[in-house]
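Please read the structure below before turning to the comments.
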Amino acid sequence: MAEGKMRPPTDTASLDARILLALETAPRPRIPAGFAARVARQLPPRPTVVLTPERYGRLAAAACLVVLLVLMFAFAHRATGTSLYWTSIEWIFCAQFVILAVWLGVRGSTFTNSF
């Protein structure tokens with residue numbers, strides 16, 4: 001318990017005014033000179049960024065070329081004059097093969113550069 005009794009302030013209006021003034025006054029930030037330089041000196045040095053081009057698209061295209069070539073040879077015996085279905089599938093494989101080959105050729109990629 002407190003040793004003495006609390007006395008109510010005699011001038012409550014001036015106390016309220018001082019409290020409101022203290023609460024409503026925005027603080028003025030004070031940044032010392034050289035603060036940014038000191039913080040920058042404490043940071044660790046930036047690592048050098050080494051950018052190596054990823055070739056996942058070219059590798060996937062090369063793998064698809066191989067798969068399409070195998071599929072064309074696998075379905076070649078079915079597509080020889082049997083039905084329109086197997087002939088159209090063979091032509092679709094051929095068109096995809098040509099498109100991928102042209103795309104790889106335009107990109108300046110060869111099989112030795114892709115792997």
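The values are calculated or read from the model by the stated rules, or taken from the named source; none is laboratory data. This structure is a prediction, so every number in the text was calculated from the model and none was measured. We place every Cβ from the backbone using ideal geometry, glycine too, and count neighbours over all the protein chains shown. These area figures cover heavy atoms from the full protein model, side chains too; ligands, DNA and RNA do not enter into them. Shrake-Rupley method; radii C 1.70, N 1.55, O 1.52, S 1.80 Å.
Points to keep in mind about this one:
- For the condition part of a loop (DSSP other than H, G, I, E, B), open to solvent by less than 80 Å² (accessible area, probe 1.4 Å) and either small (Gly, Ala, Ser) or under 30 Å from Ala101 (Cα atoms) (or both), Ala63 does not qualify.
- Cross-chain or 6+ apart pairs with Cβ under 9 Å, the range 34-59 first and within 30 Å of Trp103 (Cβ to Cβ), then assigned to a helix (DSSP H, G or I) and open to solvent by less than 100 Å² (accessible area, probe 1.4 Å): Arg55/Asn113; Arg55/Ser114; Arg58/Leu104; Arg58/Asn113; Arg58/Ser114; Leu59/Ser114
- Here Phe75 passes the criteria (1) open to solvent by 80 Å² or more (accessible area, probe 1.4 Å); (2) in contact with a helix residue (DSSP H, G or I) (Cβ under 8 Å, 6 or more places away or on another chain); (3) not hydroxyl-bearing (Ser, Thr, Tyr) except the one numbered (1).
- Among the candidates Phe73, Phe115, residue that is among the aromatic types (Phe, Trp, Tyr) and either in contact with a Phe, Trp or Tyr (Cβ under 9 Å, 6 or more places away or on another chain) or modelled with pLDDT of 85 or more (or both): Phe73
- Matching residues, the range 78-104, being closer than 20 Å to Ala62 by Cα and among the β-branched types (Val, Ile, Thr): Ile92, Val98, Ile99, Val102
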